[in-house]
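Structure, as structure tokens:
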Amino acid sequence: MISVEHLKVEFAAKPLFSEASFVVNKRDRIALVGKNGAGKSTLLKIIAGLQLPTDGVVARQRDVSIGYLPQVMVLSDETTLIAETEKAFGHIRELQAEVQSLNEELSKRTDYESEDYMELVEAFTRENERLQMMGAQNYRAEMERTLVGLGFTRDDFERPTREFSGGWRMRIELAKLLLSHHDVLLLDEPTNHLDIESIRWLEQFLAKSCSAVILVSHDRAFINNVSNRTLEISCGKVIDYKVKYDEYVQLRAERRESQLRAYENQQKEIADIKDFIERFRYKPTKAVQVQSRIKQLEKIVPIEIDEVDNSSLHLKFPPCSRSGDYPVICEEVNKAYGQHVVFHNVNLTIKRGEKVAFVGKNGEGKSTLVKCIMNELVPESMADSGLDNGYSGKLTIGHNVEIGYYAQNQAQLLDNELTVFDTIDRVAKGDIRLKIRDILGAFMFGGEASDKKVKVLSGGERSRLAMIKLLLEPVNFLILDEPTNHLDMRTKDVLKEAILAFDGTVIVVSHDREFLDGLVTKVYEFGGGLVREHLGGIYDFLQKKDIETLDALQTLSASASNTVSNTPLRSNTNRTTVPSSEQSEGALSYAEQKELAKQRRKLEQAVKNAEALIEKLEDQIAALEEKLATPEGASNPDLFTQYADLKQKLSSAEDEWTEALEALEN
């Protein structure tokens, strides 16, 4: 579908890459990888037609449509969520208007026998059939499925887009892109604003999609689950590996070993030639051989070695003082903004040395609880009158707890007049000061970048600098809110290793499964106003929840918030208790709970069956559309009959899916 030939890109006469040639085929799932600054985003822009290369050609097949999701874009905030998303189907609405216009014109005409009238009938029939083939009857259900999959609720559909945060508005743009059914999708860091559940939904969507995909992501689990091919930009070249990401990592290691052996042999050969030249340069009897060796030396093409993986650098936190045995204890903590309850009856205890994860959909209270711990939100007795800066319940911070907090706004607190190096030099202590340049290089501040002033850094660079600064401060309790958003895979490995070696206590708010895997030993799930404790790592949590689809997690969250037996955790007693106030309102009996669980399982199965049927019908319709696109198929009336029948079945299946999902949510 797309052919890239001899592509070359230069910035200020410095080549990013050259002689890049590859082909993008149907259903390719390509992971585009390389260190920061290698040119990944630039290559996507060139393929999308938004930037011109220095040299080379990008050839696209006729009628191939390309959808591009950049990291940053200008977002509209003049409409509601559903109206903004519906813009993805603008071509359908235009065709609907055209068909309506033709129909109105036909109704006014009376010259039924004229040639002009027959042409009008043919035009109406042709355009109406096109409209049906585009799925005009079903696009609303498809739109709702996609928005729900990306984490929106049906209550959000009529909300103005200006009410959503930047991350949620990026999800709207992603939804529009996915619904446009482009032949090729170019996705630049699509997971930056998604939570774990939405990332898993996107993985499944891309796996079923007929579109080819080229994606840039630093989420190792995501690109490994999606990709079946890997393009690496390294040493100014684009290397094509016909394997998924995990297999590419192995092949790359083997490739680098081979390069090293060849490089060592070449260096030995060069040394031998130079030695011969030096030994016999001034002997007339060897003049011919010396000249031959000089020419041989000039013809040698130096072997390039792929960039060294900086994650071999080991970074350790400075020694810290010992905190009390329980840095954080929450007892019946509640937080609400007006009528909106963020969470209630939170009971948790975090022990010294534990590394725990806060997970859940955006807006479920993860950052709010962190603010309570950080004392940005205070007990109601200390809250300012008329402000929503208070919480109820008891939250105790342990003895001698020194908190180091990383959040996106931490980057704004850096001194703009200092250089990158000076910012770190002021907090580094002892022997670590000798390794400041190495540390900065590991976090993508190598070379001249370390001498930049903070005020000229981008948002991502500021965030990385704030992370380094935090790593060097002597604290015994770390709270990291989405620490990996602006880090590449090698840098994330450096950070992960440092946290694993950290003696203190850690809370990580993150959606990066690969980063959390092996790092945390306990997961706190936020959802439905409750906070639940799950012992084990992140994949133990996902396996326990059995999240095969996003609908499963939504079902669990909905049932958690709607079930009368709202059971808050109490980790310090390792058992679940029901508040007496809820018991007095009448808890469900065992039989009633059993019957409710039975109904829930039945509805869950109905949703799964409907989704399976929809997927099957969509595949059949896609196959039929390919036949109808041929001259033979277009002249076969039986195929149009089959097509209309399949469309009707699809509409019924989507209605059943909608009814089952609504019943499940209610």
Which of the residues that make up region 503-516 are open to solvent by 10 Å² or more (accessible area, probe 1.4 Å) and either free of Cβ contacts under 8 Å to residues at least 40 places away in the same chain or over 17 Å from the mean Cα position of the chain (by Cα) (or both)? ASP503
Scanning region 447-474 residue by residue, those assigned to a loop (DSSP other than H, G, I, E, B), surrounded by 15 or more Cβ atoms within 10 Å (Cβ to Cβ) and either of a type outside the set (A, V, I, L, M, F, W, C) or within 25 Å of the chain's Cα centre (by Cα) (or both) turn out to be LYS452, LEU457, GLU473
Condition check: surrounded by fewer than 23 Cβ atoms within 10 Å (Cβ to Cβ), modelled with pLDDT of 85 or more and assigned to a helix (DSSP H, G or I). Does ASP540 satisfy that? yes
State all residues of region 38-71 that are farther than 18 Å from PRO190 by Cα and part of a loop (DSSP other than H, G, I, E, B); if no residue qualifies, say none. ALA38, GLY49, LEU50, GLN51, LEU52, PRO53, THR54, GLN61, ARG62, ASP63, VAL64, SER65
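Listed here are the residues, each with its yes/no results for (1) hydroxyl-bearing (Ser, Thr, Tyr); (2) buried (at least 21 other Cβ atoms within 10 Å of the Cβ); (3) in a strand (DSSP E or B).
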| position | (1), (2), (3) |
| --- | --- |
| PHE152 | no, yes, no |
| GLU158 | no, no, no |
| ARG162 | no, no, no |
| PRO190 | no, yes, no |
| SER198 | yes, yes, no |
| ASN224 | no, no, no |
| LEU231 | no, yes, yes |
Within region 336-347, restricting attention to residues that are in contact with a Gly (Cβ under 8 Å, 6 or more places away or on another chain) and modelled with pLDDT under 90, which residue is surrounded by the most Cβ atoms within 10 Å (Cβ to Cβ)? VAL342
In this structure, is LYS299 of a type in the set (D, E, K, R), within 26 Å of GLY536 (Cα to Cα) and either modelled with pLDDT under 90 or buried (at least 16 other Cβ atoms within 10 Å of the Cβ) (or both)? no
If you check ILE432 against the conditions, is it at pLDDT below 80 and over 25 Å from the mean Cα position of the chain (by Cα)? yes
Tell me which residues, restricted to region 276-287, are of a type in the set (Val, Ile, Thr) and either modelled with pLDDT of 85 or more or in a loop (DSSP other than H, G, I, E, B) (or both). ILE277
Filtering region 348-406 down to residues that are among the small types (Gly, Ala, Ser) and farther than 22 Å from THR505 by Cβ, which residue is modelled with the highest pLDDT? SER392
Search region 359-374 for residues being in contact with a strand residue (DSSP E or B) (Cβ under 8 Å, 6 or more places away or on another chain) and not in a helix (DSSP H, G or I), and hand back the single one that is surrounded by the fewest Cβ atoms within 10 Å (Cβ to Cβ). MET374
Residues in region 437-450: is at least one in contact (Cβ under 8 Å) with a residue 40 or more places away in the chain and polar (S, T, N, Q)? no
Name the residues in region 450-504 that are closer than 19 Å to ARG437 by Cα and hydroxyl-bearing (Ser, Thr, Tyr), would you? SER450, SER463, THR491
Residues satisfying the stated conditions in region 475-488, i.e. at pLDDT below 80 and either open to solvent by less than 20 Å² (accessible area, probe 1.4 Å) or over 16 Å from the mean Cα position of the chain (by Cα) (or both): LEU487, ASP488
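The values are calculated or read from the model by the stated rules, or taken from the named source; none is laboratory data. Here the structure is a predicted model, which means the values were calculated and not measured. Virtual Cβ from ideal backbone geometry, glycine too; neighbours counted across all protein chains shown. Surface areas here come from the heavy atoms of the whole protein model, side chains and all, with no ligands, DNA or RNA. Shrake-Rupley method; radii C 1.70, N 1.55, O 1.52, S 1.80 Å.
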